[in-house]
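Notes follow once the structure below has been shown.
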Amino acid sequence: MELSGGEIIIRSLQDEGVEYVFGYPGGAVLHIYDAIFRQQQVQHILVRHEQGATHMADGYARATGKPGVVLVTSGPGATNAITGIATAHLDSIPMVIITGQVTSKFIGTDAFQEVDAIGCTRPCVKHNFMVKNVEEIATVIKKAFYVATTGRPGPVVVDIPKDFTAPNVKIPYEYPKDISMRSYAPVSGGHVGQVRKAVELLAQAKQPMIYSGGGVLMSESHEELRQLVRELGYPITNTLMGLGAYPATDKQFIGMLGMHGTYEANMAMHNCDVLLAVGVRFDDRVTGEIEHFCPNAKIIHVDIDPTSIAKNVDVDVPIVGDLKVVLKRMLELLAEDSRRANPEDIAAWWQQIEEWRGIKSLAYEYSDEVIKPQYVVQKLCEVTNGDAYVTSDVGQHQMWAAQYYDFNEPRRWINSGGLGTMGFGLPAALGVKLAFPDADVACVTGEASIQMCLQELSTAMQYGLPVKIVNLNNRYLGMVRQWQEFQYEGRYSNSYVDALPDFVKLAESYNHVGMIIEKPADVEGALREAFSMKDKLVFLDFQTDDSENVYPMIEAGKGHHQMRLHPKTGALN
Amino acid sequence: MAVSKHVISLLLENESGALSRVAGLFSMRGYNIESLTVAPTNDPTLSRTTLVTSGDDRTIEQITKQLNKLVDVVRLVDLTETSHVAYELMMIKVRAAGPQREEVKRLADIYKGKVVDVTESTFIIELTGNSEKLDSFVKTVGDEQILEVVRSGATGIARGERGLKV
């Protein structure tokens, strides 16, 4: 079978089992779009801005575990995609981004819509490829999917000059079955001796702690993690990226850790003597001031990426490996050897943790008059039985969603943790909804974030994607305002969002449903009504308390044991 | 932690962009780079790179891990951890007129340098050796006399059977 370069690209995507390509056409990719037109298998989702395409593919990838695929044109198509590529990169999300490039003979001449896409994306991809001829297109695409989805996943860019996709050159097509690259060999199992050492250390702990992150979700090893945690009976905390790996409503789960984590999770981190860190990277938002981090703990760190280990924090037992393999091995070793920590020590440790838990660091002041944002998230959790896919943007609402929605399953909580990209939530929700049309999908956002990719309301209309937008509208860049209150004596420099649109009318103009909710008593009813409208996108504009802050909080330079609690409810205890 | 100098040797895919990934990594993560040499090997699909950097132990560990993580890096070794040879080539153009000519020639001989070009007023001296020797020669000749210095940066190889192979 002889195919043109453009046809080979699409045929390769078919052979990869790609369902959706999120993209936007332009001059350099017209041949590829023509190939899309002449087939049915791969569905193209036309976005309104390339950033939206990358976030949609990203949301799809986070919810399904399958790679997200993006197709954009050269120049501004590629540069507009970069924010989304960097977002995926920092959170290790598998994506393949195909960027059109100007015709090969014009490369380097500052041709129309020319940009060095390889150079521009290099710092924010796992890898990128420049296609050099028609013959290598299929192999390069195969390599791109292989690199994106194996090891520590990440985005891979494939830049293809227009002339290599032209219809006049046809070559035999064959999609490679397997691929191996001498310069890329992802690790699998961890070092057996190290795993044994880790298990022995865990069995000697008096005040153990387990800290797991996004790597557990990426490697689909939440079942193994849950078994391990239950077998040991130790407390567990999840990072922002790892929520859902361990059920939030389980007694052994002591909440998220880090800057806006629970008091009990952070205090347990600070006081533990053995820390098992799984699929995490000791991010600065998690560790607080590194000098104060886990001062008395022996640290076991399991991760697939050797660069994550001993990057920010020295560890005692480093284990490089696929979490699923390593955790399974740990379970086997525990089954073989019945030695465990002293139950009295562990009981005493739990008693201490329960005391910290008794502080109720997530308590807030409910009001009959003004809607508290935390209350909206709690009601969202109730109305959706804690079973919705929840995407978020970035800021206070993101933290409240992470704190008050009980994620009991993996891949349900979808947010930009590493890069912190405002504008992520809505397109990510659309990508999730495409993957799971029957599931409840909510985008928890704020009036500032939502406006950063608001144009995708139009994409939602075109493809009939009935997500629910939960807009916690406090008329401020809330997190900026909070920091200005705490650190800049209330000088609210440019954190007030003036001239807001009428979100209800705006939603209606796209044939969606808009609702404005101003009273706490109406919150639950509005949410129930919205989620009962199965085939409508509903924009719920909650007018929330404009002075609410996210508590508890570790401020800059402070450690886990120095949390700032809610001034009222925190002081009650 | 103490900062020390390390000579890291890499086998790279001989592809456009591979070198910029290596260089980009150093600027992106704020690592020091003292010198970098690169050229194809007897296998034309591979380039051999020698990189001289400095840092404390944790930084050097991160540098080697991060380099290894680059998809275009095929193999890597920190030569500093093994017995190795690392040489640098220097060509130095110096003033050599009148009585200076003999003096310069004598210095070059002491350092086992070769005069590879002669004009009425200048010599070009080629000198190979470890970087300290080259530094020493430059210092001895003195800035007054030096017209131009060009140095390759160190290239290194492990002694004995051990080596970087695919």
message = Six or more apart or on different chains, Cβ atoms under 9 Å: show the pairs whose first residue is in the range A:318-347 and surrounded by 15 or more Cβ atoms within 10 Å (Cβ to Cβ) and whose second is assigned to a loop (DSSP other than H, G, I, E, B) and basic (Lys, Arg).
response = A:Leu334/A:Arg340; A:Ala341/A:Lys206; A:Asp345/A:Lys206; A:Ile346/A:Lys206; A:Ile346/A:Arg340
key: Residue tally, condition crowded, with 23+ Cβ neighbours inside 10 Å and within 16 Å of the chain's Cα centre (by Cα), over the range A:223-245   = 7
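Taking the options B:Pro44, B:Pro40, name whichever one is over 21 Å from A:Asp305 (Cβ atoms), more than 14 Å from chain A (Cβ to nearest Cβ) and over 17 Å from the mean Cα position of the chain (by Cα). It would help to see each step written out before you state the result.
Numbers: B:Pro40 fails: over 17 Å from the mean Cα position of the chain (by Cα).
Just one listed residue meets the conditions, B:Pro44.
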message = Exactly one of these conditions fails for A:Phe106: (1) in contact (Cβ under 8 Å) with a residue 40 or more places away in the chain; (2) aromatic (Phe, Trp, Tyr); (3) more than 14 Å from chain B (Cβ to nearest Cβ). Give me its number.
response = (1)
note = Residues of the range A:271-287 being of a type outside the set (Val, Ile, Thr) and more than 22 Å from A:Leu228 (Cα to Cα), in sequence order, are A:Asp283, A:Asp284, A:Arg285
ask   = Can you spot a residue in the range B:10-31 that is among the hydrophobic types (A, V, I, L, M, F, W, C), more than 10 Å from chain A (Cβ to nearest Cβ) and assigned to a strand (DSSP E or B)?
value = yes
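Return yes when A:Leu457 is over 16 Å from A:Ala61 (Cβ atoms), touching a residue at least 24 places away in the same chain (Cβ under 8 Å), in a helix (DSSP H, G or I) and in contact with a Cys (Cβ under 6 Å, 6 or more places away or on another chain) and no when it is not.
Details: over 16 Å from A:Ala61 (Cβ atoms): yes; touching a residue at least 24 places away in the same chain (Cβ under 8 Å): yes; in a helix (DSSP H, G or I): yes; in contact with a Cys (Cβ under 6 Å, 6 or more places away or on another chain): no.
In short, no.
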inquiry  = Quick check on the range A:143-162. Is at least one of its residues within 14 Å of chain B (Cβ to nearest Cβ), touching an Asp or Glu at 6+ places or on another chain (Cβ under 7 Å) and under 23 Å from B:Leu46 (Cα atoms)?
reply    = no
inquiry  = For the range A:302-317: of the residues being surrounded by 16 or more Cβ atoms within 10 Å (Cβ to Cβ) and more than 14 Å from every other protein chain (Cβ to nearest Cβ), which is nearest to A:Pro552 (Cα to Cα)?
reply    = A:Val302
request  = Run A:Glu382 past the list (1) over 26 Å from A:Ile554 (Cα atoms); (2) more than 14 Å from every other protein chain (Cβ to nearest Cβ); (3) not in a helix (DSSP H, G or I) and report the number of the one that doesn't hold.
outcome  = (3)
ask   = Out of curiosity, is A:Tyr375 under 25 Å from the mean Cα position of the chain (by Cα) and under 19 Å from A:Ile517 (Cβ atoms)?
value = yes
inquiry  = I'm told A:Gly386 meets every condition in (1) out of contact with any Ser or Thr (no Cβ under 6 Å at 6 or more places or on another chain); (2) buried (at least 20 other Cβ atoms within 10 Å of the Cβ); (3) not assigned by TED's automatic domain parsing to the domain that holds A:Gln227 except one. Can you identify the failing condition by its number?
reply    = (2)
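What residue, of A:Gly418, A:Gly423, is among the small types (Gly, Ala, Ser) and buried (at least 24 other Cβ atoms within 10 Å of the Cβ)?
On the way: A:Gly418 fails: buried (at least 24 other Cβ atoms within 10 Å of the Cβ).
Selected residue: A:Gly423, the only one of A:Gly418, A:Gly423 that is among the small types (Gly, Ala, Ser) and buried (at least 24 other Cβ atoms within 10 Å of the Cβ).
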inquiry  = I'm trying to understand the selection: among the residues of the range A:205-224, which are out of contact with any Phe, Trp or Tyr (no Cβ under 8 Å at 6 or more places or on another chain) and closer than 16 Å to A:Gly261 by Cα?
reply    = A:Tyr211, A:Gly213, A:Gly214
key: Which listed residue is touching a Gly at 6+ places or on another chain (Cβ under 9 Å) and hydroxyl-bearing (Ser, Thr, Tyr), from A:Thr87, A:Thr103, A:Thr121   = A:Thr87
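Which of the following residues is touching a Leu at 6+ places or on another chain (Cβ under 6 Å) and within 25 Å of A:Ser92 (Cα to Cα): A:Ala277, A:Ala248, A:Ala185, A:Ala265?
Working: A:Ala277 fails: touching a Leu at 6+ places or on another chain (Cβ under 6 Å); A:Ala248 fails: touching a Leu at 6+ places or on another chain (Cβ under 6 Å); A:Ala185 fails: touching a Leu at 6+ places or on another chain (Cβ under 6 Å).
Residue meeting the stated conditions: A:Ala265.
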message = Checking A:Thr249 against (1) more than 25 Å from A:Asp387 (Cα to Cα); (2) in contact (Cβ under 8 Å) with a residue 40 or more places away in the chain, only one condition comes out false. Which one?
response = (1)
request  = Show the residue pairs that are 6+ apart or on different chains and have beta-carbon atoms under 7 Å apart, the first residue being within the range A:462-473 and in the same structural domain as A:Val47 (by TED's automatic domain parsing) and in a strand (DSSP E or B), the second being surrounded by fewer than 24 Cβ atoms within 10 Å (Cβ to Cβ) and at pLDDT below 95.
outcome  = none
Conditions (1) crowded, with 16+ Cβ neighbours inside 10 Å; (2) away from chain A (no Cβ under 11 Å); (3) within 17 Å of the chain's Cα centre (by Cα): number failed by B:Ser4 = (1)
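Answer yes or no: is there a residue in the range B:96-116 that is of a type in the set (Val, Ile, Thr), touching a residue at least 24 places away in the same chain (Cβ under 8 Å), touching a Phe, Trp or Tyr at 6+ places or on another chain (Cβ under 9 Å) and over 30 Å from A:Tyr184 (Cβ atoms). So that I can check it myself, show each step before the final result.
We begin by selecting, within the range B:96-116, every residue of a type in the set (Val, Ile, Thr); these are B:104, B:110, B:115-116.
Going one step further and asking which of them are touching a residue at least 24 places away in the same chain (Cβ under 8 Å), we end up with B:104, B:116.
So of that shortlist, the ones also touching a Phe, Trp or Tyr at 6+ places or on another chain (Cβ under 9 Å) come out as B:104, B:116.
Cutting the leftovers down to over 30 Å from A:Tyr184 (Cβ atoms) gives us B:104, B:116.
Yes, because at least one residue in the range B:96-116 is of a type in the set (Val, Ile, Thr), touching a residue at least 24 places away in the same chain (Cβ under 8 Å), touching a Phe, Trp or Tyr at 6+ places or on another chain (Cβ under 9 Å) and over 30 Å from A:Tyr184 (Cβ atoms).
So which residues in the range B:49-73 are within 14 Å of another protein chain (Cβ to nearest Cβ) and either touching a strand residue (DSSP E or B) at 6+ places or on another chain (Cβ under 7 Å) or of a type in the set (Lys, Arg) (or both)?
Passing the criteria: B:Thr49, B:Arg58, B:Ile60, B:Ile63, B:Thr64, B:Lys65, B:Leu67, B:Asn68, B:Lys69, B:Val71, B:Asp72, B:Val73.
Might you check whether a residue that is within 14 Å of chain B (Cβ to nearest Cβ), in contact with a strand residue (DSSP E or B) (Cβ under 7 Å, 6 or more places away or on another chain) and more than 30 Å from A:Ser547 (Cα to Cα) occurs anywhere in the range A:287-301?
Taking the range A:287-301 first, the residues within 14 Å of chain B (Cβ to nearest Cβ) are A:290, A:301.
Applying the additional criterion that residues be in contact with a strand residue (DSSP E or B) (Cβ under 7 Å, 6 or more places away or on another chain) yields A:301.
Pick out the ones that are also more than 30 Å from A:Ser547 (Cα to Cα) and you get A:301.
Yes; the residues of the range A:287-301 include at least one that is within 14 Å of chain B (Cβ to nearest Cβ), in contact with a strand residue (DSSP E or B) (Cβ under 7 Å, 6 or more places away or on another chain) and more than 30 Å from A:Ser547 (Cα to Cα).
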note = Per the list (1) buried (at least 16 other Cβ atoms within 10 Å of the Cβ); (2) touching a residue at least 24 places away in the same chain (Cβ under 8 Å); (3) of a type in the set (A, V, I, L, M), residue check on A:Leu500 breaks on (1)
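For every residue, the table says whether it meets (1) within 26 Å of A:Asp303 (Cα to Cα); (2) of a type outside the set (A, V, I, L, M, F, W, C).
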{"site": "A:Lys143", "(1), (2)": "yes, yes"}
{"site": "A:Tyr146", "(1), (2)": "yes, yes"}
{"site": "A:Val157", "(1), (2)": "yes, no"}
{"site": "A:Asn168", "(1), (2)": "no, yes"}
{"site": "A:Gly190", "(1), (2)": "yes, yes"}
{"site": "A:Lys206", "(1), (2)": "yes, yes"}
{"site": "A:Tyr211", "(1), (2)": "yes, yes"}
query = Would a scan of the range A:124-139 turn up a residue that is within 12 Å of another protein chain (Cβ to nearest Cβ), under 21 Å from the mean Cα position of the chain (by Cα) and at positive phi?
reply = no
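In contact (Cβ under 8 Å) with a residue 40 or more places away in the chain, closer than 27 Å to A:Asp316 by Cβ and either part of a loop (DSSP other than H, G, I, E, B) or within 14 Å of chain A (Cβ to nearest Cβ) (or both), is that true of B:Leu76? Even if it seems obvious, please write down each step before you answer.
Values: in contact (Cβ under 8 Å) with a residue 40 or more places away in the chain: yes; closer than 27 Å to A:Asp316 by Cβ: yes; either part of a loop (DSSP other than H, G, I, E, B) or within 14 Å of chain A (Cβ to nearest Cβ) (or both): yes.
Against the criterion (in contact (Cβ under 8 Å) with a residue 40 or more places away in the chain, closer than 27 Å to A:Asp316 by Cβ and either part of a loop (DSSP other than H, G, I, E, B) or within 14 Å of chain A (Cβ to nearest Cβ) (or both)), B:Leu76 qualifies.
Which of the residues that make up the range A:439-454 are more than 25 Å from A:Ala499 (Cα to Cα), hydrophobic (A, V, I, L, M, F, W, C) and not in a strand (DSSP E or B)? Even if it seems obvious, please write down each step before you answer.
Taking the range A:439-454 and keeping what is more than 25 Å from A:Ala499 (Cα to Cα), we get A:439-442.
After this cut, where a residue has to be hydrophobic (A, V, I, L, M, F, W, C) as well, the list is A:439, A:441-442.
Across the range A:439-454, the qualifying residue is only A:Ala439.
The values are calculated or read from the model by the stated rules, or taken from the named source; none is laboratory data. Everything numeric in this text was worked out from a predicted model, so none of it was measured. Glycine also receives a Cβ, built like all others from the backbone with ideal geometry; neighbour counts cover every protein chain displayed.
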